[in-house]
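First up is the structure itself, then whatever we jot down about it.
The values are calculated or read from the model by the stated rules, or taken from the named source; none is laboratory data. Predicted model, so just to flag it, every value in this text is computed and none were measured. Heads up, the Cβs are rebuilt from the backbone with ideal geometry, glycines too, and the neighbour counts pull from every protein chain shown. For accessibility, only protein heavy atoms count, side chains too; no ligands or nucleic acids. Shrake-Rupley method; radii C 1.70, N 1.55, O 1.52, S 1.80 Å.
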Amino acid sequence: MKNPNGHEIIQLFEQFSPKGLAMEGDKIGLQIGRLNKRVERVMIALDVLDHVIDEAIKKDVQLIIAHHPLIYRPLKNLLTDTTQGKMIEKLLKHDIAVYAAHTNLDVAKGGVNDLLAEALGLEGAEVLVPTFDTKLKKLVVFVPSSHAEEIRQVLGNTGAGFIGNYSHCSFSANGTGRFLPGEHTDPYLGKPGQLEEVDEVRLETIVPEPLLKKTITAMIKAHPYEEVAYDIYPVENKGETLGLGRIGKVKEMTLAEFAEKVKSSLGVSTVRVVGDLTAQVKKVAVLGGDGNKYFMTAKFKGADVYVTGDIYYHTAHDALMEGLNMIDPGHNVEKVMKMGLTKVLQKKCQDAGYDVDIFPSEENTDPFQFV
């Protein structure tokens, strides 16, 4: 097992939640500290507040990965007698780096909105607000027949060859490869200075652009040749659509019954409900955080109820007039990302052979109390 540095851990994280998925102007990425250091303990947090920082110090954390950015508005100065300044000073003194993944983690497959949809039991969940179409590339590689199946599996295992609900999709064609090894080569087949012919297979597959570098690296590592012959082609095929929120179906129940389900599923004691409590609920839209401006999208897509946080007074009136029920469980339900992301990053680090402890913050960062 290898002790990774911060760059290596974030590289794995960004395979799951690329920066390119974030909404324009979002404050994401490394915000405090440095990544060029050994990291033994990583804490996953929803918010970076003073008591969360104290938890990180107590648990000897070197890196915090948070959903909500500590620095959201540009700093004109850094004064250490202000609350924010004191927190930043404390992080720097203890060499704790803070990395923020905000809307890119909302959009990512398996991110915040998928976790909320899963918690609510949504079936057939689809993207509510499309924001990103994944670009595709075609990868063609030439490999000796003896290694074709191995390379085919390597490509599929990296995420290449996914078409809809099908994985490991590829095409093969047999042919003859020819090459003349140079004087200082060490060829897998043949001898330097002697023209070689070999039975080869041309393998073709589709690769999502964000996975291209990872796929090529894995392919070259598994390929027997000293110099690997491969081509990358742009394609016009539409890749996977990603975006904010999810919409799917649940077993039919009343709005009152579904509100109770929201409370139990998302771990909150109270919710705000807009609409007729006796109304029937079948199709559900959910969007983590503040989803006020997307309520009409939920309505147009046929949602019986829209679950989101921070519902405004006038938005609630508008929804009532449009006949859309709403449930507000609060912004803090995005805390589902703590355990969800912990599991994802633990698996990625394990597969990479990294010796690092990754765990969720145990601190409550919900500012609201109900009395």
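Within the range 198-235, how many residues turn out to be open to solvent by 40 Å² or more (accessible area, probe 1.4 Å) and closer than 13 Å to Phe142 by Cβ?
7
For the range 98-110, which residues satisfy the criterion of being more than 14 Å from Ala45 (Cα to Cα) and in contact with a Leu (Cβ under 8 Å, 6 or more places away or on another chain)? Full working, then the answer.
Within the range 98-110, the first condition is being more than 14 Å from Ala45 (Cα to Cα), and the residues that meet it are 103-104, 106-110.
Residues satisfying the conditions are Thr103, Asn104, Asp106, Val107, Ala108, Lys109.
Of Glu149, Glu183, which residue is of a type in the set (Asp, Glu) and either assigned to a loop (DSSP other than H, G, I, E, B) or within 20 Å of Ile232 (Cβ to Cβ) (or both)?
Values: Glu149 fails: either assigned to a loop (DSSP other than H, G, I, E, B) or within 20 Å of Ile232 (Cβ to Cβ) (or both).
Glu183 is the lone residue from the list that is of a type in the set (Asp, Glu) and either assigned to a loop (DSSP other than H, G, I, E, B) or within 20 Å of Ile232 (Cβ to Cβ) (or both).
Take Lys282 and tell me if it is out of contact with any helix residue (DSSP H, G or I) (no Cβ under 6 Å at 6 or more places or on another chain) and in a strand (DSSP E or B).
Values: out of contact with any helix residue (DSSP H, G or I) (no Cβ under 6 Å at 6 or more places or on another chain): yes; in a strand (DSSP E or B): yes.
For Lys282, the condition - out of contact with any helix residue (DSSP H, G or I) (no Cβ under 6 Å at 6 or more places or on another chain) and in a strand (DSSP E or B) - is met.
Pick from the range 310-356 the residues that are surrounded by fewer than 17 Cβ atoms within 10 Å (Cβ to Cβ) and hydrophobic (A, V, I, L, M, F, W, C): which of them is nearest to Val98 (Cα to Cα)?
Met339
So which residues in the range 239-277 are charged (D, E, K, R) and in a loop (DSSP other than H, G, I, E, B), if there are any at all? If you could, list the steps in order and put the result at the bottom.
Initially, the range 239-277 is screened for residues charged (D, E, K, R), giving 240, 246, 249, 251-252, 257, 260-261, 263, 272, 276.
Across the range 239-277, the qualifying residues are Glu240, Asp276.
State which residue pairs qualify: first residue at positive phi and inside the range 25-38, second residue part of a loop (DSSP other than H, G, I, E, B) in any location, beta carbons under 7 Å apart, and separation of 6 or more residues or different chains.
Gly33/Asp95; Gly33/Ile96
Mind checking which residues of the range 187-220 are touching a residue at least 40 places away in the same chain (Cβ under 8 Å) and among the acidic types (Asp, Glu)?
Asp199, Glu200, Glu204, Glu209
I'm checking my understanding of the structure. Among residues of the range 164-180 that are assigned to a loop (DSSP other than H, G, I, E, B) and hydroxyl-bearing (Ser, Thr, Tyr), which one is nearest to Pro144 (Cα to Cα)? I'd like the intermediate steps shown before the answer.
Within the range 164-180, the first condition is being assigned to a loop (DSSP other than H, G, I, E, B), and the residues that meet it are 164-165, 167-170, 180.
Now restrict to residues that are hydroxyl-bearing (Ser, Thr, Tyr): 167, 170.
Numbers: Ser167: 23, Ser170: 16 Å.
That would be Ser170.
Just to be sure before I move on: is Thr80 surrounded by 15 or more Cβ atoms within 10 Å (Cβ to Cβ), of a type in the set (Ser, Thr, Tyr) and in contact with an Asp or Glu (Cβ under 6 Å, 6 or more places away or on another chain) in the structure I sent? I'd like the intermediate steps shown before the answer.
Numbers: surrounded by 15 or more Cβ atoms within 10 Å (Cβ to Cβ): no; of a type in the set (Ser, Thr, Tyr): yes; in contact with an Asp or Glu (Cβ under 6 Å, 6 or more places away or on another chain): yes.
It is false that Thr80 is surrounded by 15 or more Cβ atoms within 10 Å (Cβ to Cβ), of a type in the set (Ser, Thr, Tyr) and in contact with an Asp or Glu (Cβ under 6 Å, 6 or more places away or on another chain).
Test each condition in (1) under 30 Å from Cys169 (Cβ atoms); (2) open to solvent by less than 70 Å² (accessible area, probe 1.4 Å) for Ile88 and report the one that comes out false.
So Ile88 meets the others, but not (1).
Based on this model, can you work out whether Asp114 counts as charged (D, E, K, R) and either crowded, with 17+ Cβ neighbours inside 10 Å or assigned to a strand (DSSP E or B) (or both)? Spell out the reasoning first.
Values: charged (D, E, K, R): yes; either crowded, with 17+ Cβ neighbours inside 10 Å or assigned to a strand (DSSP E or B) (or both): yes.
Answer is yes for this residue.
Could you tell me which residue of the range 45-77 is nearest to Gly6 (Cα to Cα), considering only residues that are within 19 Å of the chain's Cα centre (by Cα) and open to solvent by less than 10 Å² (accessible area, probe 1.4 Å)? Show your work before the answer.
Residues of the range 45-77 within 19 Å of the chain's Cα centre (by Cα): 45-47, 63-69.
The next check asks that each one be open to solvent by less than 10 Å² (accessible area, probe 1.4 Å); those that pass are 45-46, 63-67.
On the way: Ala45: 16, Leu46: 19, Leu63: 7, Ile64: 10, Ile65: 11, Ala66: 14, His67: 17 Å.
So the residue we want is Leu63.
So, in the range 9-60, how many residues would count as being within 21 Å of Met337 (Cα to Cα) and part of a helix (DSSP H, G or I)?
18
Of the residues Leu128, Leu136, which single one is touching a Gly at 6+ places or on another chain (Cβ under 8 Å) and either under 24 Å from Asp328 (Cβ atoms) or free of Cβ contacts under 8 Å to residues at least 24 places away in the same chain (or both)?
Step by step, each of Leu128, Leu136 is checked, and only Leu128 is touching a Gly at 6+ places or on another chain (Cβ under 8 Å) and either under 24 Å from Asp328 (Cβ atoms) or free of Cβ contacts under 8 Å to residues at least 24 places away in the same chain (or both).
One line per residue, one yes/no per condition, for (1) touching an Asp or Glu at 6+ places or on another chain (Cβ under 9 Å); (2) open to solvent by less than 40 Å² (accessible area, probe 1.4 Å); (3) modelled with pLDDT under 95; (4) in a helix (DSSP H, G or I):
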residue	(1), (2), (3), (4)
Glu118	no, no, no, yes
Gly121	no, yes, no, no
Glu126	no, no, no, no
Val129	no, yes, no, no
Val140	yes, yes, no, no
Val154	no, yes, no, yes
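So which of Phe368, Phe300, Phe295, Phe359 is at pLDDT 95 or above and crowded, with 20+ Cβ neighbours inside 10 Å?
On the way: Phe368 fails: crowded, with 20+ Cβ neighbours inside 10 Å; Phe300 fails: crowded, with 20+ Cβ neighbours inside 10 Å; Phe359 fails: crowded, with 20+ Cβ neighbours inside 10 Å.
Being at pLDDT 95 or above and crowded, with 20+ Cβ neighbours inside 10 Å holds for just one of Phe368, Phe300, Phe295, Phe359, which is Phe295.
Pairs needed: first member in the range 236-263, free of Cβ contacts under 8 Å to residues at least 40 places away in the same chain and surrounded by 14 or more Cβ atoms within 10 Å (Cβ to Cβ); second member anywhere, of a type outside the set (A, V, I, L, M) and in a loop (DSSP other than H, G, I, E, B); C-beta distance under 6 Å; at least 6 residues apart or different chains.
Pairs found: Thr254/Thr278.
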